[in-house]
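Here is the structure we will look at.
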Amino acid sequence: LYGNDGWSVSFNRPLFPARTVEGPCGPAGQAVTLDQVGRAFRATVKRVYAEEIADVYLIAERESWRDDDPVVEFLRNGLDLERSGDAFMVPRRNVIMHWDPARGTTHGSHHDYDTHVPLIFWGGSAPAGVSEEPATPYDLAPTLAAALGVALPDATGRPRLPR
């Protein structure tokens, strides 16, 4: 692994194609591809961290991600092929990756306690109103853009201005 940023993991790409060493899996010198590492990573995480990690989604397999999977929309909203790494680990409910166990939430998972956040605008020219529609962190930029009358055609999320 090269590193991780929250639940996103990057493989050390300069090492590829890597070569095997002699061992129980076979002889030395066999080529190892990124796809093989991805599959091995997913299997290892599921075996070692089954209590914490519900699933691993490989970016290389994104075309086969199921649209009816509730996690997929969350992953696609945060996917940036230049920055997202090679795999997303999907935590089980109430699992966070942070040094402070009292933190409580990170806004980094697809679970409702991370994605349902209040958007509050107060003072100035903000009109009085309330919207009961669920909001996610992705809705902040489109909401601000709509309030300012600015077009934001490529934004992820939706404006949540009161009607």
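Remarks
- Within the range 134-152, the only residue that satisfies the criterion of being open to solvent by 50 Å² or more (accessible area, probe 1.4 Å), closer than 18 Å to GLU73 by Cα and in a loop (DSSP other than H, G, I, E, B) is PRO134.
- The range 43-55, residues that are touching a residue at least 40 places away in the same chain (Cβ under 8 Å) and open to solvent by less than 80 Å² (accessible area, probe 1.4 Å): VAL45, GLU52, ILE53
- Applying the set (1) open to solvent by less than 70 Å² (accessible area, probe 1.4 Å); (2) in contact with an Asp or Glu (Cβ under 9 Å, 6 or more places away or on another chain); (3) not aliphatic (A, V, I, L, M) to ARG13 leaves exactly one unmet item: (1).
- Looking at TYR57, TYR113, just one residue is among the aromatic types (Phe, Trp, Tyr) and in a helix (DSSP H, G or I), and that residue is TYR113.
- From the list ALA155, ALA102, the one residue that fits, being over 12 Å from the mean Cα position of the chain (by Cα) and open to solvent by 80 Å² or more (accessible area, probe 1.4 Å), is ALA102.
- Counting the residues of the range 22-77 that are touching a His at 6+ places or on another chain (Cβ under 9 Å) and of a type outside the set (Val, Ile, Thr) gives 4.
- Residue count for the range 67-95, restricted to those that are open to solvent by 50 Å² or more (accessible area, probe 1.4 Å), out of contact with any strand residue (DSSP E or B) (no Cβ under 6 Å at 6 or more places or on another chain), assigned to a loop (DSSP other than H, G, I, E, B) and more than 24 Å from THR33 (Cβ to Cβ): 4
- Hits in the range 4-30 (condition: more than 19 Å from ASP86 (Cα to Cα) and among the small types (Gly, Ala, Ser)): GLY23, GLY26, ALA28, GLY29
The values are calculated or read from the model by the stated rules, or taken from the named source; none is laboratory data. In this text, all values refer to a predicted model and were calculated from it rather than measured experimentally. Methodologically, a virtual Cβ is constructed for each residue, glycine included, from the backbone with ideal geometry; neighbour enumeration extends over all protein chains shown. Only protein heavy atoms, including side chains, enter the accessible area calculation; ligands, DNA and RNA are left aside. Shrake-Rupley method; radii C 1.70, N 1.55, O 1.52, S 1.80 Å.
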